[in-house]
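Report on the structure given below.
The values are calculated or read from the model by the stated rules, or taken from the named source; none is laboratory data. Everything quoted here is computed from the prediction, not taken from an experiment. We place every Cβ from the backbone using ideal geometry, glycine too, and count neighbours over all the protein chains shown. Accessible surface areas use protein heavy atoms only, side chains included; no ligands, DNA or RNA. Shrake-Rupley method; radii C 1.70, N 1.55, O 1.52, S 1.80 Å.
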Amino acid sequence: MGPGFLALPTVAGRTHVLDRGLAPDAVAGVLELTGEHIDVWKFGWGIAYLDRGLDRKLWLLREHEVISCLGGTLLEIAWSQGKSEECLAWAERAGLDAVEVSRGVVEMDLDDKRELIKRACQAFTVFAETGRKDAGTAVEAGEWREEIAEDLAAGAAWVITEGRESGTVGIYDGSGRPRQDIVEAAVDAAGIERVMFEAPRMAQQAWLINRFGPAVNLANIAPDDVLPLATLRRGLRADTAALSLR
Ligand SMILES: C=C(OP(=O)(O)O)C(=O)O
Ligand SMILES: O=S([O-])[O-]
């Protein structure tokens, strides 16, 4: 990795990218430049449903051994219309590897979420998301702990904590600062290896890396932030330079 003359931290943390509708050629470019740093590629919200480049993008992701994931909002909308089976069958035919199961926009109780996770696990790796997508309904730390434990018991491979593309909800306050009690509750409940923090902003990525080390898993990373994030994880940027300064 790099020319090799620096002693840098070993990076084990996963990087999960949020695709807001990139063209296939752009995806090819991102993967060529930074594919080695990308573990999961999420088609945000309902993007996959409308994406005419989906087949080609899925082919590229497979070539680079990146897990492809359906956005949670699409499955929520399908579920609200009684179409979750149709949605999962379509995603399986399309060749997606993973789905996000969330209850961020619809009213779905924990029993329904558990059933949906179990059903989705039959064909997919499941990322179970915790937290609401609107700022008005913050979930308390105890509830996060409980929901995360249930999601994992239902078979979710990963827990993903809400932050959206904005970074101002879920584990963050309205100005984007981490809600530390929620962050710690998520790590307590899932273990650092199984939790992925949505962290769209550089300051949030740096805060989480400084708190948990370069092994922290970070999600909703913009495609052109992948390389900057790789530098943060290795202490190659002022915000985390303590990791590599001697
Ligand atoms: C991208 C989505 O939302 P979030 O960023 O909140 O996971 C989604 O639901 O697909
Ligand atoms: O995930 S990274 O920084 O290689």
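I'm trying to understand the selection: among the residues of region 153-206, which are open to solvent by 50 Å² or more (accessible area, probe 1.4 Å), within 16 Å of ligand 2 (Cβ to nearest atom) and either in contact with a strand residue (DSSP E or B) (Cβ under 9 Å, 6 or more places away or on another chain) or farther than 24 Å from Phe43 by Cβ (or both)? Glu193, the sole residue that qualifies.
One residue stands out among those in region 17-39 that are within 8 Å of ligand 2 (Cβ to nearest atom) and in a helix (DSSP H, G or I): the one that is least open to solvent (accessible area, probe 1.4 Å), which is His37.
One residue stands out in region 90-137 among those that are part of a strand (DSSP E or B) and more than 14 Å from Ala78 (Cβ to Cβ): the one that is most open to solvent (accessible area, probe 1.4 Å), namely Thr125.
Out of Trp41, Trp45, Trp79, one residue alone is over 17 Å from the mean Cα position of the chain (by Cα) and closer than 29 Å to Arg114 by Cβ. It is Trp79.
For region 62-89, how many residues meet the condition of being open to solvent by less than 70 Å² (accessible area, probe 1.4 Å) and within 16 Å of ligand 2 (Cβ to nearest atom)? Total satisfying the criteria: 2.
Would a scan of region 45-65 turn up a residue that is outside any helix (DSSP H, G or I) and within 27 Å of Gly235 (Cα to Cα)? Yes: region 45-65 contains one or more residues that are outside any helix (DSSP H, G or I) and within 27 Å of Gly235 (Cα to Cα). Counting the residues of region 204-229 that are under 12 Å from Gly163 (Cβ atoms) and among the small types (Gly, Ala, Ser) gives 1. Taking the conditions exactly as written (closer than 24 Å to Trp158 by Cα, open to solvent by 60 Å² or more (accessible area, probe 1.4 Å) and modelled with pLDDT of 95 or more), does Arg14 satisfy them or not? In short, yes.
The single condition among (1) open to solvent by 10 Å² or more (accessible area, probe 1.4 Å); (2) within 18 Å of Val17 (Cα to Cα); (3) not aliphatic (A, V, I, L, M) that Glu140 does not satisfy is (2). Residues in region 207-229 that are open to solvent by less than 10 Å² (accessible area, probe 1.4 Å) and assigned to a helix (DSSP H, G or I): Leu208, Ile209, Val226, Leu229.
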